[in-house]
Amino acid sequence: MDINTLEDEVFALSSSSGKKYNLPEIKGTLGPKGIDIRKLYAESDLVAYDPGLGNTGSCESKITFIDGDKGVLLYRGYPIEQLSENASFPEISYLLLNGELPTEGQLATFDGQLKSHTMLHEQIRNFFNGFRRDAHPMAMLCGTVGGLSAFYHDRLDISKAEDRELSALRLIAKMPTIAAWAHSYSQGYPFAYPRNDLGFSENFIHMLFSRPSENYKVNPVLARAMDRILILHADHEQNASTSTVRLAGSTGANPFACIASGIAALWGPAHGGANEAVLRMLGQIGDVKNIPAFIQKVKNKEDGVKLMGFGHRVYKNFDPRAKIMQRTCQEVLGELDIKHEPLLELAVELERIALADDYFVSRKLYPNVDFYSGIILKAMGIPTSMFTVLFAVARTGGWVAQWKEMIEQPGQRISRPRQIYIGAPKRDFVAINQRG
Ligand code: ACO
C-alpha cells in the first residue's frame, strides 16, 4: 500500500488492485494531524502496519499533550512546570479527571471524598500474609489492586457515572495504603493505618515510615518532594501502561482489573522499572573512573546494555520532567544535609559525558524523568524495589482519568488490532507417524 498526498487529499493506493481510497484527515487542537483509516479495511484489502504503535493515534483525548521535539508536557492544557510548582497531587488528580482546575470548595470536597476512601477493607490485610516475605512489592500491588474488585463490587456498574466516579476515587485514595503496606510487609514492619488529618503525600510518607513505637513527624520538604514526584508521573498520554488500561477497559472489564493490568505493564524496565534500573546501573558503574568504559559498552550495544534513564519514545529534545526532578533532587539532598552523595555525583558526570557524545546526541537521547527520581527516593529512605510502586501510585490519577474518558466516549468499542500474518500458508494436518 502507498499513502499519497495530492494537494489537500490523502489517499491509499492498493498496489494489487490499483484502487484509490480516500483517507480523511483529523485535526486536533495541538500536535500532528491524523489520517482516519477506520474504514480502510472494510473497503479494501489494506490494513495499517505499525508495530510498536509509534505512528498510530489510538484514541482522541483531551487529557494530556506532549510535544516531544519541544519538550512540552501539558495536563489539560496547563504546563507541567506551572502545575508542579503550584498545585497539589489531589488538585492534579481532580484536573485530570474533571478537565478543569478545582475551585477551593471543589478541592475541599474532592479531598474529603478521597479521605473517606483511604482505608482498606480489613480482610485485605490477609492478602499480604499470602505473599512470601521477599515478594517484590509490585507483585503485591498488582495482585492486591486486582483483588479490590472482590471487595468493592457493590458499585461497579461502569455504565453509571456515579459508579465510575466512585471507583476512580477509591483507586486514587487506596493506592498509597496498598503501596505502603506492601513496603511494610516486605520489611517486617506493622501496617500503619491512614491518617486523614494529613495531606495526601504526608499521609503516604506517614504510612511508609511511621512505627507504633515512636512519634513520627513528616518532614514538609520531603512531603512536598513526594507530591512533586507524584504530579510529574501522574499522566503521560498514551504510554504503554495507559494504553494497556484503555485496551483492558475497552472490553468492559471493571476498573480495578484494568488498573491492575496497567500496573503489570508499568513494571517493565523499559517503562516504570527504569528508575530502579538507573540505580542498579549506577551501582554497577561504581566509580566515575569507570564511566568511559561503561559508555563504550553502551555504544557497542554489548549484551544489550543501555544507558538507563536516557531516551524516550516521545521526547526527542529533553524531558521537561527531568529538569524539575533534578532541582527536586538538590532540594531533598539539601534538606537531608547530604553533602556528598556518590550516586548523584556519578549521575551528573554520566549525564555530562553522554550529552557530549555523538552516539547520544545523534539519536536524540536525553535524560528522562527517571534519571534523577531514583536518587531522590533513595535519599528519602525508600528502597529500590518500591520505586515503580510509587510511580504506580502517581499514575493511577492518569489511568483512571484515561479509563473514564474512554468509557464515556460515544461509540466506544472493544480494541482489537489486526496483524500482517507471516506464518505458514494453509496446509493439511499430517498424522504423527508420518511426520519428520
Ligand atoms: N541507551 C543507549 N542507546 C539507546 C537508548 C539508551 N537508553 N535508548 C535508545 N537507544 C538507541 C537504540 O539502541 C537505537 O539505536 P540504533 O538507531 O543504533 O538502532 C536508537 O537509540 C533509537 O532507539 P529506539 O529503540 O528506537 O527508541 P524507542 O523510542 O523505541 O525507546 C526507550 C525508548 C524504551 C525509553 C529507550 O530509550 C530505552 O530503553 N531507554 C532506557 C530505559 C528508560 O529509561 N526507560 C524510561 C522511559 S520513561 C518512562 O517510562 C517514565
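Every number here is computed from the coordinates shown, using simple stated rules; none is lab data. What you see is a predicted model; the values in this text were computed from it and never measured. Quick reminder, even Gly has a Cβ in these numbers, built from the backbone with ideal geometry, and neighbours come from all protein chains shown.
Defining a contact as two alpha carbons under 8 Å apart and six or more residues distant in sequence, what relative contact order in percent does the stretch 148-246 show?
16
If you take the charge dipole of the chain about its Cα centre, with +1 on Lys and Arg Cβ and -1 on Asp and Glu Cβ, which of A240, M119, T103 is farthest toward its positive end?
In the chain, that residue is A240.
Around I35, which amide H atoms from residues at least 5 apart in sequence, or from another chain, sit under 5 Å from its own amide H, with H modelled in the peptide plane?
I26
Could you run the Karplus curve 6.51 cos²θ - 1.76 cosθ + 1.60 with θ = phi - 60° over the stretch 210-223 and give me ³J(HN,Hα) per residue in whole Hz, x for Gly and Pro?
Couplings: 6, 10, x, 7, 9, 7, 9, 10, 6, 6, x, 5, 6, 5 Hz.
Please say if the stretch 265-311 is rounded, prolate or oblate, where rounded means a/c under 1.5 for a ≥ b ≥ c the square roots of the C-alpha gyration tensor eigenvalues, and otherwise the choice is prolate for a/b larger than b/c and oblate otherwise?
Verdict is oblate for the stretch 265-311.
What's the ranking of 285-294, 361-370, 237-246, 387-396 by average number of surrounding C-beta atoms within 10 Å, highest first?
My ranking of the peptides, most packed first, is 387-396, 237-246, 361-370, 285-294.
Pairs of Cα atoms under 8 Å, at least six residues apart: use those to get the relative contact order of the chain, whole percent.
RCO, the chain: 19 percent.
Using the Karplus equation 6.51 cos²θ - 1.76 cosθ + 1.60 (θ = phi - 60°), what ³J(HN,Hα) coupling, rounded to whole Hz, does each residue of the stretch 81-87 give in order, writing x for Gly and Pro?
4, 6, 5, 5, 7, 10, 10
In degrees from 0 to 90, rounded to the nearest 10, what is the angle of the helix 200-209 Cα long axis to the longest principal axis of the chain?
Taking Cα atoms only, the helix is inclined about 70 degrees.
With +1 on the Cβ of every Lys and Arg and -1 on the Cβ of every Asp and Glu, and nothing else charged, how large is the dipole of the chain about its Cα centre, in debye rounded to the nearest 20?
It works out to roughly 1180 debye.
Strictly over 20 Å apart at the Cα level, which of K39/K426; K27/K404; K115/K174; K70/K378 would you flag in this model?
Flagged as over cut-off: K39/K426; K27/K404; K70/K378.
Under 13 Å from the Cβ of L333, count the other residues' Cβ atoms, weight Lys and Arg +1, Asp and Glu -1, and hand me the total.
-2
Name the residues whose placed amide hydrogens come within less than 5 Å of the amide hydrogen of G273, ignoring near sequence neighbours (fewer than 5 apart) on the same chain.
Here the answer is G268, since their amide H atoms fall under 5 Å of that of G273.
Would you please put 425-434, 55-64, 345-354 in order of how densely packed they are, using the mean number of other Cβ atoms within 10 angstrom per residue and starting with the highest?
345-354, 55-64, 425-434
Search the structure for amide H atoms under 5 Å from the amide H of R195, placed 1.01 Å from N in the peptide plane, and list their residues when 5 or more places away or on another chain.
Amide H to amide H, under 5 Å and 5 or more residues apart or across chains, R195 pairs with nothing.
What are the ³J(HN,Hα) couplings of the stretch 386-400, residue after residue, when phi is run through the Karplus curve with 6.51, -1.76, 1.60 and θ = phi - 60°? Round to Hz, x for glycine and proline.
Taking θ as phi minus 60°, the curve returns 8, 4, 5, 5, 4, 4, 5, 4, 5, 5, 4, x, x, 4, 5 Hz for the stretch 386-400.
Can you order the peptides 323-333, 168-178 by their average number of other Cβ atoms within 10 Å per residue, highest first?
So the peptides 323-333, 168-178, ranked by packing, come out 168-178, 323-333.
Using a Förster radius of 56 Å, what is the FRET efficiency between A293 and I422 based on their Cβ-Cβ separation? Nearest 0.05, please.
The pair A293/I422 has a calculated efficiency of 0.90.
In a shell of Cβ-Cβ distance under 12 Å around L101, excluding L101 itself, what net charge do Lys and Arg (+1) and Asp and Glu (-1) give?
So the environment of L101 carries a net charge of -2.
Enter the angle in degrees (range 0 to 90, nearest 10) between the Cα long axis of helix 161-187 and the first principal axis of the Cα atoms of the chain, meaning the one along which they spread out most.
Computed tilt is about 60 degrees.
By its C-alpha gyration tensor, with a ≥ b ≥ c as the square roots of the eigenvalues, how is the stretch 182-320 shaped: rounded for a/c under 1.5, else prolate for a/b larger than b/c, else oblate?
Cα axes put the stretch 182-320 in the oblate bin.
To the nearest 10 degrees, how steeply does helix 89-98 sit against the main Cα axis of the chain, on a 0 to 90 scale?
The angle comes out at about 30 degrees.
As I understand it, the dipole of the chain uses +1 on the Cβ of Lys and Arg and -1 on the Cβ of Asp and Glu, about the Cα centre. Which of G436, G286, S88 lies farthest toward its positive end?
Result: G436.
Could you tell me the calculated FRET efficiency between K339 and R363, based on Cβ-Cβ distance and R0 = 35 angstrom, to the nearest 0.05?
Once the sixth-power term is evaluated, E becomes 0.50.
Summing Lys, Arg as +1 and Asp, Glu as -1, what charge do residues with Cβ under 9 Å from the Cβ of S61 carry, S61 excluded?
-2
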